[in-house]
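Below is one structure, written out as structure tokens; the observations come after it.
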Amino acid sequence: MTTNRLSTTAMTPFFKHTLPLALACLLLTGCYYKTDSAPGTWARGADLSWLSEMEHDAMFDYDCIDSLRALGMNAVRLRVWVNHCTGWSNKADMLSLARRAAEHGQRLMIDIHYSDFFADPNHQDIPEAWLGYDYELLREAVREHTLDVLNSLKEAGIRPEWVQIGNETPNGMLWPVARLLDKEDNSNGCWDRYAGLTAVGYRAAKEVFPDIVVIVHVDNAYERRDWFWRAMYEHGGRWDMIGLSHYPMMSAWNGWRTWQEMNRLAEENIRRLIRDWHCPVMVAEIGMFADDSLSAVVMEDFVRRASAIDSCAGIFYWEPECYGGWRPAEYVPLGWGGYDMGAFTPEGRPSEVMRILLRSDRLQRDSADVGEQMLDMLNEQGLSLLVYNDSTLFTHADRGVQDLLTLIADHPDRLRGAVVADKVIGKAAAALMAAGGVREVHTNIICTPARRLLEAEGIPVFAREEVPEILNRDRSAMCPIDAQLTRAETVAECVEILRNMPPRP
């Protein structure tokens, strides 16, 4: 990257003395780089912490940040280690990348690991310079390191929007002093220490930037961790936003769940965290396999789900710029191969997976908000079905699936492309909705077969509760209509069975 430099030999004495003073005054009065998008808007981000090292290894012959910005990127995440032996991802490297991101109008997230290497659920190693510190000394080290990192940005005229106090810390940080669980998942009794370290980092961040959003970040977006957030709160932990990691195609990590299940569970967990803790949630990391043709489908599905959640703040792809088997210097002595979940093509250009993320926006939230309002109205007024299409709301009050049968027979255009709210959705109702071409479904209760049927058709489902099956009215057995559909696997098979059923008396 080239820069234009002022020659001090060509400056007049006035400029020699006044320019540095003027720049200092501007910084003191809060003159920061301007961003392309406002704080709080949907974040279409990328963690580009490896970019400077990849450029050093001649992996790019163009400005990667500029290219991603042109596609819609509006935020960059950068990690910072205390002192890795390679020098990469240390403060100076982070600051260099942060300045470039700021020059390109990017909002910034700083991910402080409080370690010399990757901190994650299996590794939270104390930096070498802090070895031997007791808890009180570690509190002071966390405070001083947080102040040092953020003040370096402030002095450069860079105002980060978010900061992570630790990276993927469901088992605490700075082991063993603030480790929460031992190798057998038994409590170490260190909650006061972990929450205390987090609170120290929180206060230090606010000391430098009072309006910065402080994130506590954990892995496994699909996993309910009510115990973690409750204990964090009870022991005095502080946060403004929850950060989650989501790798839906890593089935070996995720109990061999399908990507569809992973995305659905992550969506449900994000909604639950927002509701229970009254704070926004950021998907701070996401990744898909670079060489899997399904990755674009997986990303499209998750973006649709996440962008429809009112207080989901955005999504950051983790190291999308990786391609061609490249590996960082720290991987070599470990014998690790190249990272295979980047979002660039073999030619070194953003792939369709990355383009899907960078096209995303909160525009999709309008229908989701309408759907939730419809569901509230349904519950309050004792209706059975609401259909919203072409700015018109249709209300229905028949029992069972009769409303849907009537609509398909007499008004099929009302269902096609509609947002639908129904109190209870079984497999029969789901099949009729899918056959009618609805766009989105909201419900109090849905059974698992119904949800799977709708998602197989690419129809987003927003359910407040999921159950294995829908019961009959006296709750003694499965709903009789659904019972006849147990062997049907597709919408077409379900509709055929429903068509041949005798009419109800």
Next on the checklist: Where the second residue is small (Gly, Ala, Ser) and at pLDDT 95 or above and the first is over 22 Å from Val332 (Cα atoms) and lies in the range 81-103, which pairs have Cβ atoms under 6 Å and are six or more apart or on separate chains?
Outcome noted: Leu95/Ser152; Leu97/Ser52; Arg99/Ala156
Checklist entry - For Trp253, which of the numbered conditions (1) modelled with pLDDT under 95; (2) closer than 23 Å to Pro350 by Cβ; (3) aromatic (Phe, Trp, Tyr) fails to hold? => result (2)
Checklist entry - Which one is modelled with the lowest pLDDT among residues in the range 168-188 that are touching a Leu at 6+ places or on another chain (Cβ under 9 Å) and either of a type in the set (Val, Ile, Thr) or surrounded by fewer than 17 Cβ atoms within 10 Å (Cβ to Cβ) (or both)? => result Ser187
Next on the checklist: Could you check the range 348-371 and list, in sequence order, the residues that are modelled with pLDDT of 95 or more and of a type in the set (D, E, K, R)?
Outcome noted: Arg349, Glu352, Arg355
Checklist entry - Any residue at all in the range 287-298 that is more than 21 Å from Ile459 (Cα to Cα), buried (at least 19 other Cβ atoms within 10 Å of the Cβ) and without any contact (Cβ under 8 Å) to a residue 60 or more places away in the chain? => result yes
Checklist entry - Which one is nearest to Trp162 (Cα to Cα) among residues in the range 293-330 that are of a type in the set (Asp, Glu) and at pLDDT 95 or above? => result Glu319
Checklist entry - Can you name every residue in the range 453-505 that is small (Gly, Ala, Ser) and in a helix (DSSP H, G or I)? => result Ala456, Ala483, Ala492
Item to check | Given (1) at pLDDT 95 or above; (2) assigned to a helix (DSSP H, G or I); (3) within 23 Å of His145 (Cβ to Cβ), number of the condition Leu27 does not satisfy | outcome: (1)
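Matching residues to (1) buried (at least 22 other Cβ atoms within 10 Å of the Cβ); (2) in contact with a helix residue (DSSP H, G or I) (Cβ under 8 Å, 6 or more places away or on another chain); (3) of a type outside the set (Ser, Thr, Tyr); (4) in the same structural domain as Arg487 (by TED's automatic domain parsing):
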position: Arg414; (1), (2), (3), (4): no, yes, yes, yes
position: Gly417; (1), (2), (3), (4): no, no, yes, yes
position: Asp422; (1), (2), (3), (4): yes, yes, yes, yes
position: Met433; (1), (2), (3), (4): yes, yes, yes, yes
Next on the checklist: So, in the range 146-167, exactly how many residues are surrounded by fewer than 17 Cβ atoms within 10 Å (Cβ to Cβ) and assigned to a loop (DSSP other than H, G, I, E, B)?
Outcome noted: 2
Checklist entry - Taking the stated definitions as given, is Asn472 of a type outside the set (Asp, Glu), within 26 Å of the chain's Cα centre (by Cα) and over 20 Å from Ala266 (Cβ atoms)? => result no
Item to check | In the range 381-401, the residues that are under 24 Å from Pro502 (Cβ atoms) and surrounded by 14 or more Cβ atoms within 10 Å (Cβ to Cβ) | outcome: Ser384, Leu385, His396, Gly400, Val401
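So for the range 321-336 (the condition being part of a helix (DSSP H, G or I), of a type in the set (Ser, Thr, Tyr), out of contact with any Ser or Thr (no Cβ under 7 Å at 6 or more places or on another chain) and crowded, with 19+ Cβ neighbours inside 10 Å), does at least one residue qualify? Explain how you work it out, then say what you get.
Quick first cut of the range 321-336, residues part of a helix (DSSP H, G or I) only: 329-331.
Pick out the ones that are also of a type in the set (Ser, Thr, Tyr) and you get 331.
Right, trim to out of contact with any Ser or Thr (no Cβ under 7 Å at 6 or more places or on another chain) and you get 331.
Still in the running and crowded, with 19+ Cβ neighbours inside 10 Å: none.
No - not one qualifying residue is present in the range 321-336.
Going by the conditions given, is Glu261 assigned to a strand (DSSP E or B) and of a type in the set (D, E, K, R)? Working first, answer last.
Working: assigned to a strand (DSSP E or B): no; of a type in the set (D, E, K, R): yes.
Considered against the rule, which asks whether it is assigned to a strand (DSSP E or B) and of a type in the set (D, E, K, R), Glu261 comes out as no.
Counting only residues that are in contact with a Cys (Cβ under 6 Å, 6 or more places away or on another chain), give me the helices (runs of 4 or more DSSP H) lying completely in the range 369-452 with at least 1 of them.
Values: elements: 402-410, 412-415, 427-436.
The qualifying helices (runs of 4 or more DSSP H) are 427-436.
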Checklist entry - Checking Arg77 against (1) crowded, with 20+ Cβ neighbours inside 10 Å; (2) within 24 Å of Trp191 (Cα to Cα), which single condition isn't satisfied? => result (2)
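Each row is one residue, and each column tells you yes or no for (1) in a loop (DSSP other than H, G, I, E, B); (2) touching a Lys or Arg at 6+ places or on another chain (Cβ under 9 Å); (3) assigned by TED's automatic domain parsing to the domain that holds Ala119.
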{"residue": "Thr169", "(1), (2), (3)": "yes, no, yes"}
{"residue": "Asp185", "(1), (2), (3)": "yes, no, yes"}
{"residue": "Gly189", "(1), (2), (3)": "yes, no, yes"}
{"residue": "Gly196", "(1), (2), (3)": "no, yes, yes"}
{"residue": "Val200", "(1), (2), (3)": "no, yes, yes"}
{"residue": "Ala204", "(1), (2), (3)": "no, yes, yes"}
{"residue": "Ile215", "(1), (2), (3)": "no, no, yes"}
{"residue": "Tyr222", "(1), (2), (3)": "yes, yes, yes"}
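The values are calculated or read from the model by the stated rules, or taken from the named source; none is laboratory data. The model shown is predicted, which means the values in this text are computed figures rather than measured ones. Using ideal geometry, Cβ is built from the backbone for each residue, glycine included, and neighbour counts are taken over all protein chains shown.
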